[in-house]
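Structure record follows, encoded as structure tokens.
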Amino acid sequence: MDRHPERAAALAAIDPDWNPAWPVTWQRHYAAVRELLRDEDGQTEVQPGVTVSGMDVGAWLARQRQPAVWQALADGQRERLEQLGIAPLSPAREAPAKPLKGGSGAFERGVAALVQYKARTGSVTVPRAHRERLEDGTEVRLGVWRSNMRSRRDSLADAQRQQLADLGLFD
């Protein structure tokens, strides 16, 4: 574009990030996280395993927040993440352990929390940061769970998908 500065200026007017100084794969992940968080209010958490367009943006974001990775980012990259309310982990705090796969009853606890929330509020629209405490004292990060179920809809078993549809999650 050096030979056509007017084209570069026109493209920059449309999208300042059309030609980032960092890898385009980073920009794609960032854009996916930005769109995922666009309608969220307040502090949000994107867990590893949350996918957008086939990209695990949760794992990507967890990596970006690691102190060493955060420091290695370009100023513009850090600024973009900070505009989304994303900050690095403190050096003393490690990334959360990956949740156990299968058999942990996480789906059943999430359904129980959603049923309880719906009974109380009449809605299955849950703020992302909301936590629901079940009668047995278990706390479920219901907003995150709901978001994960919606983004992983195609990978759920038919019975699970039907159960969530019956609750009104996939309307």
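The values are calculated or read from the model by the stated rules, or taken from the named source; none is laboratory data. These numbers were taken from a predicted model, which means no experiment stands behind them. Cβ coordinates were reconstructed from backbone atoms using ideal geometry, including for glycine residues, and neighbour counts include every protein chain displayed. Just the protein is used for accessible areas: all its heavy atoms, side chains included, with ligands, DNA and RNA removed. Shrake-Rupley method; radii C 1.70, N 1.55, O 1.52, S 1.80 Å.
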Checklist entry - Quick one: how many residues across region 16-72 are among the small types (Gly, Ala, Ser), touching a helix residue (DSSP H, G or I) at 6+ places or on another chain (Cβ under 9 Å) and farther than 22 Å from ARG131 by Cβ? => result 3
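Pull up region 129-142, narrow it to residues that are open to solvent by less than 70 Å² (accessible area, probe 1.4 Å) and touching a residue at least 24 places away in the same chain (Cβ under 8 Å), then point me to the one that is nearest to GLU45 (Cα to Cα). Don't jump to the end; show me each part of the working.
So the first thing to find is which residues in region 129-142 are open to solvent by less than 70 Å² (accessible area, probe 1.4 Å), and the list is 129-130, 132, 134, 137-138, 140, 142.
With touching a residue at least 24 places away in the same chain (Cβ under 8 Å) added as a condition, the list becomes 129, 134, 138, 140, 142.
Working: ALA129: 7, LEU134: 21, THR138: 19, VAL140: 13, LEU142: 12 Å.
Among residues in region 129-142 that are open to solvent by less than 70 Å² (accessible area, probe 1.4 Å) and touching a residue at least 24 places away in the same chain (Cβ under 8 Å), the one nearest to GLU45 (Cα to Cα) is ALA129.
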Checklist entry - Could you list, in sequence order, the residues of region 153-171 that are more than 12 Å from VAL111 (Cα to Cα), within 21 Å of the chain's Cα centre (by Cα) and part of a helix (DSSP H, G or I)? => result ARG153, ASP154, SER155
Checklist entry - If the Cβ limit is 7 Å and pairs must be 6+ apart or interchain, which residue in region 104-128 that is under 17 Å from GLN160 (Cα atoms) and among the charged types (D, E, K, R) pairs with which residue that is modelled with pLDDT of 90 or more and surrounded by 16 or more Cβ atoms within 10 Å (Cβ to Cβ)? => result ARG109/VAL140
Checklist entry - For TYR30, which of the numbered conditions (1) open to solvent by 30 Å² or more (accessible area, probe 1.4 Å); (2) at pLDDT 90 or above; (3) under 15 Å from the mean Cα position of the chain (by Cα); (4) not polar (S, T, N, Q) fails to hold? => result (1)
Next on the checklist: So for region 124-134 (the condition being at pLDDT below 85, aliphatic (A, V, I, L, M), under 17 Å from the mean Cα position of the chain (by Cα) and assigned to a loop (DSSP other than H, G, I, E, B)), does at least one residue qualify?
Outcome noted: no
Checklist entry - Any idea which residue in region 45-68 is most open to solvent (accessible area, probe 1.4 Å), counting only those that are among the aliphatic types (A, V, I, L, M) and without any contact (Cβ under 8 Å) to a residue 12 or more places away in the chain? => result ALA68
